[in-house]
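Encoded as structure tokens, the structure appears first; notes follow it.
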Amino acid sequence: MTGSMNSDVQNRLQWSLLSLRLGVFIVMVMWTFDKFVNPGHSARIFEHFYGISGSTDIVAYIIGAVQLVLVLAFLAGIKKRITYGIIFVMHGLSTLSSYNQYIDGFNNLLFFTAWPMWAACFALYLLRDQDVKFTVK
């Protein structure tokens with residue numbers, strides 16, 4: 001009985017981690033596509049939230065290409081220590097760089113959705129060895 005219960009818990013954990021990975025991927029890949037579809041938006045984000053001005057479309061495309069490789073590797077579970085770690089740090093920087101939006105929270109409620117996603121990134125990083133459902137070995 002204990003063996004089957006342990007196997008059931010392991011199966012539920014694997015499906016849970018897959019759902020977190022897919023959810024994080026969906027957000028990250030949309031942010032990535034935004035760099036290709038609307039590179040001017042990326043330039044405004046870099047300037048407003050990170051203080052980096054003068055970004056061109058080419059810079060957005062290059063960052064987008066690197067980010068696309070990263071998020072696809074993350075989705076596939078390749079080099080989890082590295083890819084999950086980078087996703088966690090990237091999203092953390094994005095979350096923390098939005099600090100002004102949290103001051104006027106009721107006019108910027110959507111910015112608060114970054115916190116549970118950052119927590120999901122953290123959980124995935126901590127449990128990366130158990131996240132094996134549909135990953136590349």
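The values are calculated or read from the model by the stated rules, or taken from the named source; none is laboratory data. Predicted model only: the values in this text are computed from it and were never measured. When we count neighbours, we look across all protein chains shown, and the Cβ atoms used for this are built from the backbone with ideal geometry, even at glycine.
I want to confirm something. Restricting to the stretch 43-62 and keeping residues that are closer than 15 Å to residue 90 by Cβ and in contact with a Ser or Thr (Cβ under 7 Å, 6 or more places away or on another chain), which single residue is surrounded by the fewest Cβ atoms within 10 Å (Cβ to Cβ)?
Looking at the filtered set, the residue picked out is 50.
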(message) Can you tell me which condition residue 79 does not meet? The list is (1) loosely packed, with under 13 Cβ neighbours inside 10 Å; (2) more than 17 Å from residue 48 (Cβ to Cβ); (3) of a type outside the set (A, V, I, L, M), and all the others hold.
(response) (1)
(request) Please tell me if residue 110 is hydrophobic (A, V, I, L, M, F, W, C), farther than 30 Å from residue 132 by Cβ, part of a helix (DSSP H, G or I) and modelled with pLDDT of 95 or more. (result) yes
(message) With the requirement that a residue be of a type outside the set (S, T, N, Q), surrounded by 12 or more Cβ atoms within 10 Å (Cβ to Cβ) and more than 13 Å from the chain's Cα centre (by Cα), what does the stretch 83-107 give you?
(response) 96, 102
(request) Residues being among the aliphatic types (A, V, I, L, M) and exposed (fewer than 13 other Cβ atoms within 10 Å of the Cβ): count how many of those fall in the stretch 1-25. (result) 4
